[in-house]
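A.B. asks: Okay, handing you the structure first.
Where a number appears in this text, it was derived from the coordinates with a stated rule and is not lab data. Keep in mind that this is a model prediction, so the values were computed, not measured. We place every Cβ from the backbone using ideal geometry, glycine too, and count neighbours over all the protein chains shown.
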Amino acid sequence: MTPINLVCPFPNFSQITSQLSSAEPESNLRRRVLPSRELCHPIRRWPQEPTKDIVIRTTNPDAIQISLAVTQGWQNLKHDHILNYSQVIHDCRTPVFIQPVCNNGNIVDYYIRAYSQDQLPITLREAAQGLQFLHSQGITHGRVHGSNILMDDEGHAKITDFGLYPIVNPLAGDIRDPFLWWKAPEQLIPTDGPEILHGSFEADVYSFGLTIIEVCTSRRPFADIQHPIRFLMELSNNVEFAMTIPKPARIPEDLWSTFRLCCAGKPEMRPCFAGLVFFLLSQDKTTSAGVTSTM
């Protein structure tokens with residue numbers, strides 16, 4: 001078959017052909033529940049009950065060394081809306097990150113089961129507060145999407161799987177990366193600014209905007225586009241391609257405004273999470289005042 005010619009920063013992009021349309025994207029993280037007795041010789045143990053592990057599959061030969069350096073201060077991370085790792089194990093072939101279980105699942109599944117979406121703006125504000133905290137600690141999440149926002153037993157949002165990008169480097173520069181649909185333009189195509197393959201604060205904001213669409217539609221962003229190459233072509237023609245997403249029927253107006261703020265094509269035009277939290281709080285207060293005045 002004739003290769004599809006498209007200027008793109010991916011190092012192996014010239015070798016990609018339309019035969020990849022049948023390729024199934026492979027997950028980068030594999031989760032399984034483990035009893036504590038099966039965990040052998042953890043190097044770093046933190047005071048939480050470990051009930052789930054995330055096994056990192058990576059070809060990065062320096063994963064252990066990077067993980068030891070990056071995770072040094074993570075045991076001190078405490079916030080109501082992040083789910084910290086209870087253990088990091090380094091005496092295995094690849095790093096292992098242990099997390100508690102959230103029985104309510106992720107935010108998308110939670111609101112599929114929910115009787116009402118009235119609390120969705122509050123839930124997404126909680127997620128934004130968790131990401132604001134991580135950024136304040138200098139931590140880029142790197143893979144913000146619905147599966148990485150879990151719901152605890154009280155129905156509050158918890159950001160999970162944060163900070164793994166420099167350790168795992170999963171499928172960077174590869175169209176088989178299932179996270180491609182949430183990535184910012186500067187991570188995928190040549191732009192006027194610097195090329196960002198491994199995430200940034202601004203890219204986290206962009207991904208959060210597309211997560212709003214994901215939660216409100218129960219589908220991944222750009223779900224009407226099947227092949228990632230077509231998506232990249234559309235994005236290369238228009239860095240504001242996210243603005244062409246039609247407004248979901250069930251999305252509250254404040255969340256629609258938040259999505260459009262987050263998904264500006266130029267990174268410098270996107271708000272920080274502190275600004276997003278302030279905006280969502282102000283919208284919540286306006287709504288509450290409106291309800292009170294009608295009673």
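A.B. asks: According to the square roots a ≥ b ≥ c of the eigenvalues of the Cα gyration tensor, what is the shape class of the range 102-286, taking rounded for a/c under 1.5, prolate for a/b larger than b/c otherwise, and oblate for the remainder?
C.D. replies: Details: a/c = 1.43, a/b = 1.34, b/c = 1.07.
Rounded.
A.B. asks: Using the reciprocal of the averaged 1/r over all distinct C-alpha pairs, how large is the Kirkwood radius of the range 204-280 in Å? Please list the in-between numbers first.
C.D. replies: Numbers: mean 1/r = 0.0772 Å⁻¹.
Result for the range 204-280 stands at 13.0 Å.
A.B. asks: Among 228-238, 201-211, 106-116, how do they line up from the highest to the lowest mean number of other beta-carbon atoms within 10 Å?
C.D. replies: Working: 228-238: 16.8, 201-211: 24.5, 106-116: 15.1.
The packing order, highest mean first, is 201-211, 228-238, 106-116.
A.B. asks: Continuing with this model, one more query. Quickly work out the residue 78-to-residue 284 label distance, labels modelled 7 Å from Cα along the C-beta direction, and quote it in nm with one decimal.
C.D. replies: Each label point lies 7 Å from its Cα, and together they span 2.2 nm.
A.B. asks: How large is the Kirkwood hydrodynamic radius of the range 195-242, in angstrom, based on all distinct alpha carbon pairs?
C.D. replies: Working: mean 1/r = 0.0841 Å⁻¹.
The Cα-based Kirkwood calculation yields 11.9 Å.
A.B. asks: On a full-extension model of 0.36 nm per residue, what is the gain between residue 219 and residue 176, subtracting their alpha-carbon distance, rounded to one decimal in nm?
C.D. replies: Values: separation 43, 0.36 × 43 = 15.48 nm, distance 1.81 nm.
Result for the pair: 13.7 nm of gain on full extension.
A.B. asks: Here is a further query. Sort 102, 272, 216 so the one with the fewest other Cβ atoms within 10 Å of its own Cβ comes first.
C.D. replies: By the 10 Å Cβ count, ascending, the order reads 272, 102, 216.
A.B. asks: In nm, to one decimal, how far is the modelled label at residue 153 from the one at residue 137, with both set 7 Å along Cα→Cβ?
C.D. replies: 2.3
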